[in-house]
Amino acid sequence: MIFLAAAQNPFLQFPGGAKFAIGFLALFHTSVGSLAIGFAFVVTILQLVGYVRRDNQFDRMAKRIQLWHVCIYNIGTINAIGLVFALSGLYPQFWSQIFVQFFWTLIIEEALFFMLALTLTFHYFFWDDLWGHKKLHIFLGALLTPMFFLQFAIINGMSAYMLTPGFSEGQVSQWSGTAGILGWDKLAFYNPTFLMLTLHRAAANFAYAGFIVAAVCGFEIYRAKHEKVLSWNERGGRLSFKIAIISFLSLPIVGFFYAWVLKYHGKEAYENLMIGRGDVVAGGIDWWWVKHLIVATMIGMGLMFCYRAAKYRREFRVPMTAVYALSFVYLMFYVGMGAQMTWKFFWVSLAAAVFGGMLCIHLLNFHEGSGRAVFLLMGILSFFTVILGGYAREASRPRFVSPSGERLKGFNRIADYDNIYRSEERAGNVSMAMLRGDPDYIEEVRGRPQQLTIQPETPEDLISSRCISCHTLQRAFRPQGSEEKWDRVVGRMHAYGTRLTPQEKKIVVQHIWEKEQVEKAIPADPGGMQ
Amino acid sequence: MDLPVIETPVFPRWVWMEEITYSHIPIATLVTAFMLLAPLFEYIGYRWGKPRWDRLSKSLIWFAMILFSPGAALGTGIPMFIIGTYPEFWSRWANLFFWPLIAQFMFFLAEVFFLFFLYYLTWDRWMHRKKLHITMGVCAAFFGYLVQIVWDSLGAYMLTPGGVPLPGVDEPVGWSLAAMLNPSFPFLLIHRTFGNFSYAMMLTGGVMSLRFMGQRRKDPLSENTAYFKWATKTCFTIGFMCFFAMPVIGWFYARVLQEHAPIGFLAMMGGHVTDYLTIKMMLISVFLVIGGTYVVKQNNSKALTAAITLGLLILLVVILRHPPLDYFGGWWRPVSAGIVILFIAWLWLNKGRGDPNRTAWQYAIFIAGLAAFFTFCLGGFIRERMKTPDTVYGEIVKPEWTDVEADRYLVYEKWIHPLYKTPTELDRNRPDSWRVAVQQARQDETVTLTDTEAETIINYLEANH
Amino acid sequence: MDEKTKKQVTKDKRKIAAAVEHELDVYPLREASEDPNWAIRTVWVWVGIAVFLLLFFVVMTILGIFYD
């Protein structure tokens, strides 16, 4: 009975599908984890403002946020472990292998996880005990931000690697890394988009948390019956909104460079995002577009809010020069996207921004200058941008589905890499032809400096040194059935970032195909000594 | 499986594994015990109209809240470490228990939700809606206990798989009722439930005694001083009384292990883990003597003293039916009985006498609390060590097994188990020549050994006994 | 909820609101000696450990750029 299920199902199945399970858990975790990271930053700013002005309104607000932080930290932690368990069961090969490459970074991340929990606990629960040592208390809270940043950077190393493996030479099977440290892969961790993803998400987290804090303040303003509480929430909301809007305005700068790197190191992902293919378009909707329409709306609202705050000299106004300059950068960003995608996208985005601005003005007027409604709306929209950003990044990776849409063995998830979705314009050629072509360094086979460089002298050497960045050799020799299929497989690997010149690609395909034919000709040994 | 096994610096893998696990388990067990007891205390305070019980309940939950985040963070470290350092074990075990692991994740979420948002944060706001508040506490405790049930089931499987094989790496079983309801699961669960109550409350009593001393120094007549004095007595007494369930449950637990994990049982009863068990028994004696004396002095109650007497007599029965103690010779039975009866008399003599609120007693209670804590720590340690070099008993061996461990396992399995009751008999009844003894046993067909096995066993016995 | 409980709950809410409002007015800095020693000691010890570990991990991360 135990193995009856195993006999019928080659993989563990999850209701709704494994992709849904992982996606849901990952997004649940991200929405909570990102909030926690941003909260730490917002709390420190609030405490500093409160200390400088000797105004307990900000310190009390910081304490309230830190209480939420304590509550959601555990939810984020538990989600993370649920994600780990789900990945272990639903994507065992992937999870086991990536763990080998990132083991030590994940252990450091775990240590940081614990340090953060303890720091957070001390910071909140000793709040009232440390009024005689306020600077120490603020410093304790401020420690959270660099700790979170480092932890976050580490997990982004792995996340970015999944999209842009880059020049990784994770020598898992044979050489245990060139310094003999199994569980650490320098080039996998410091992959092409690691830095961009970290910076982009860091700013996004600060923005997201700031907007959520402002949204909760907005909600409390609606509920407040007393003038003091009303004023407290309005001021706290405005300060949080300011933090959020400054972070938000920095996003397109990093985002642009992120997309730039993706263009060369994650070509298929870039194409999926810009042209809208694969899972980026799900249910007929391009979710990448939706995210940017929401962002455009937020720019319009943010711009008008800052304008009104500056005009009426409200507390915590943002310098309008900076706002206008960065809004202009945003505009150029959208122009660029329009040029890549369609101009329709640009005009609709512009309309969304104008609509957002007009809505903001109306809401401010309706509430006699109070930002409550704007805070609420921006908080909600910000949540969706975080979710959609993460979703789009994951969904832009090439998907492994049958081209005809048929299910294999009755299941819609394929564990091995036999098939990949290819859009019509790229039929027959997996590698995307860029208008300006790839930069030179992509084609050049680069050895690792000051390291033992394996000089491939034979085809076996070549395969052993290049084909184990992301998987073991066992997969590299799995029978495909024809030379054309091998050509497609190796081409796909090249698209993923494996470094092969066209000549080397030919050698690899020829050798593997010959080897497969030889092995097919040898009868199986009945004694089992294979 | 073609995945490499990652080596760790400084210490071998199993040491790091132990340390990471030990960082999490005391916190988790404390939190679970507090969550189970707090609603009960709150209810008592509500029904009897005694605010001290409410204050005690709130302080338990407040402490659980402080511990929760670091404890959860440490808990995530355990699977992360295992996945990298024991990849094959993890893959196979997570295959077998996939759905229970997902379920415990959902229970955990529910536990956090009830504990944080509906129990802790609403304490003052729902001051006059006690029934609702207590219900939320019960819900939080319920889900917390469900988490413990899942992990105890998975942990018990590692010692008594009960005939359910560990599936292959690519055999996605998902879930198995037989594996979850493995032979030692109910015993481990009940043993750890009462064990958690016992050690958590004794340790809390010990900590409260220090707070009592501090408050008494500041203001001997304040309500705080009276409260901490009461809390010390109450917590310690509850923890002490909960202990008496343990020997009974433990005896049945050991019987199940004897049947379903005989090699592990031999390791514990006279084998390589015996010393730890002996230390554990000594620690139990420490808190029994200190704690028993304190409890009868503090609570001048015939009923309580009678209950302790009954508990000690049951403990005596368990001791008398404890075969490995035959190693000491026949005299230990009357001596044990004498010691226990003398102790019972001592307790009756001390009932209500003397001043248990003296400073010396507060330190003594703290020491007793620590002894209870280390007793608990040793329990898990023994359970894990007794099945070395297996990770899952009889199913998968740990990658860093040594020759000594492998040889010892062979000796337990093929020499001691068929012929002796306990490994201590090897030294007590040592023959002149192990080689001759082994060869004779093979001839008599009392053991079935290959030549290699026989040679290994002879070498091990000659080297170690 | 009965009437009596409802009134009690409203009274409690008012009390909590009044306490919050009072808190907002005062920035309650005090003398360092008024803080409990055990809390100060715990925080200083932890800050020391945390800063050390943080620097250690940062150095490891930077060294990782050069070594494999």
Exercise. Take the Cα pairs of chain B, get the Kirkwood Rh, then feed it into Stokes-Einstein at 20 °C and 1.002 mPa s and tell me D in µm²/s.
Key: 88 µm²/s
Quiz item: Counting Lys and Arg as +1 and Asp and Glu as -1, each charge on the Cβ, what is the dipole of chain B about the Cα centre in debye, to the nearest 20?
Solution: 3380 debye
Quiz item: When you look at the Cβ of every residue in B:122-130, what mean number of other chain Cβ atoms sits within 10 Å?
Solution: 3
Practice problem: Determine, from the Cβ-Cβ distance of B:SER301 and B:MET127 and an R0 of 45 Å, the FRET efficiency 1/(1 + (r/R0)^6), rounded to the nearest 0.05. | Solution: 0.90
Quiz item: With point charges of +1 on the Cβ of Lys and Arg and -1 on the Cβ of Asp and Glu, referenced to the Cα centre of chain B, which listed residue (B:TYR46, B:ALA178, B:VAL317) lies farthest in the positive direction of the dipole?
Solution: B:TYR46
Practice problem: For helix B:87-96, report the angle its Cα long axis makes with the longest principal axis of the Cα atoms of chain B; keep it between 0 and 90° and round to the nearest 10°. | Solution: 70 degrees
Quiz item: If r is the Cβ-Cβ distance from B:VAL397 to A:VAL290 and R0 is 35 Å, what FRET efficiency results, to the nearest 0.05?
Solution: 0.10
Exercise. Would you be so kind as to identify which of A:SER464, B:ALA360, A:LEU239 lies farthest towards the positive end of the dipole of the protein assembly as shown, taking Lys and Arg as +1 and Asp and Glu as -1 on Cβ and the Cα centre as origin?
Key: A:LEU239
Exercise. Give me A:TYR307, A:TYR334 ranked fewest to most by other Cβ atoms within 10 Å of their Cβ, as a rough exposure proxy.
Key: A:TYR307, A:TYR334
Practice problem: Please give the residues of the range B:241-256, grouped as numeric ranges, whose backbone N is less than 12 Å from a label point set 7 Å along the Cα-to-Cβ vector of B:VAL317. | Solution: B:248-249
Quiz item: Once both labels are modelled 7 Å past Cα along the beta-carbon direction, what's the A:ASP128-C:ALA32 spacing in nm?
Solution: 2.4 nm
Quiz item: How many angstrom lie between the C-alpha centres of the range B:370-412 and the range A:276-319?
Solution: 58 Å
Quiz item: Per residue of C:27-36, how many C-beta atoms from partner chains lie within 10 Å of its own C-beta, taken as a mean?
Solution: 6
Quiz prompt | Inter-chain Cβ neighbour average for residues B:18-24, partner chain, 10 Å | solution = 1
Self-check item: Alpha-carbon Rg with Dmax, taken over the protein assembly as shown, Å
Solution: 32.9, 104
Exercise. Within 10 Å of each residue's Cβ, count the other Cβ atoms and sort B:MET386, A:MET304 from fewest upward.
Key: A:MET304, B:MET386
Exercise. Would you mind pulling out the separation of the Cα centroids of the range A:33-77 and the range B:278-353, in Å?
Key: 53 Å
Quiz item: How big is D, in µm² s⁻¹, for the range B:1-182 by Stokes-Einstein at 37 °C and 0.692 mPa s if Rh is the Kirkwood radius over C-alpha pairs?
Solution: 181 µm²/s
Self-check item: Rg over Rh [alpha-carbon atoms, Kirkwood Rh] for the range B:399-464
Solution: 0.95
Quiz prompt | Amide H contacts under 5 Å for B:ILE396, placed H, 5+ residues apart | solution = B:THR391
Quiz item: Under a Cβ-Cβ cut-off of 15 Å, what is the net charge of the residues other than B:PHE240 that fall near it, where Lys and Arg count +1 and Asp and Glu count -1?
Solution: +3
Quiz item: How big is the Cα convex hull of the range A:287-378 in projection, averaged over all directions, in nm²?
Solution: 5.9 nm²
Quiz item: Most exposed first by the Cβ proxy, i.e. fewest other Cβ within 10 Å, how do C:ILE49, B:ILE61, A:ILE22 rank?
Solution: C:ILE49, A:ILE22, B:ILE61
Exercise. Return the calculated 222 nm mean residue ellipticity for chain B, to the nearest 500 deg cm²/dmol, obtained by summing -39500 (n - 2.57) across DSSP H runs with n ≥ 4 and dividing by the residue count.
Key: -24500 deg cm²/dmol
Practice problem: Quick one: pull the percentage of alpha-carbon pairs in the range C:3-66 with a separation above 14 Å. | Solution: 77 percent
Self-check item: Centre separation in Å (Cα based) which lies between the range A:80-133 and the range B:189-225
Solution: 31 Å
Exercise. Find, among the GluC sites (Glu not before Pro) in the range B:1-64, those assigned to loop by DSSP (not H, G, I, E, B) with at most 15 other beta-carbon atoms within 10 angstrom.
Key: B:GLU7
Exercise. For the range B:88-205, state what percent of all Cα-Cα pairs lands in each successive 10 Å bin, counting from 0 Å until the bin that includes the largest distance.
Key: 14, 32, 30, 17, 7, 1
Self-check item: Relative compactness, the range A:211-426, computed as alpha-carbon Rg over 2.2 N^0.38 Å
Solution: 1.21
Quiz item: In debye, nearest 20: dipole of chain C around its Cα centre with unit charges on the Cβ of K, R (+) and D, E (-)?
Solution: 460 debye
Exercise. Can you tell me the 0 to 90 degree angle between the C-alpha axis of helix B:13-48 and the longest principal axis of chain B, rounded to 10?
Key: 30 degrees
Practice problem: Could you please report the charge total around B:PHE63, scoring K, R as +1 and D, E as -1 over all other residues with beta-carbon less than 13 angstrom from its beta-carbon? | Solution: +3
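Every number here is computed from the coordinates shown, using simple stated rules; none is lab data. Quantities reported herein were computed from a predicted structural model and do not represent experimental measurements. As a convention, Cβ positions derive from the backbone with ideal geometry for all residues, glycine included, and neighbour counts pool all protein chains shown.
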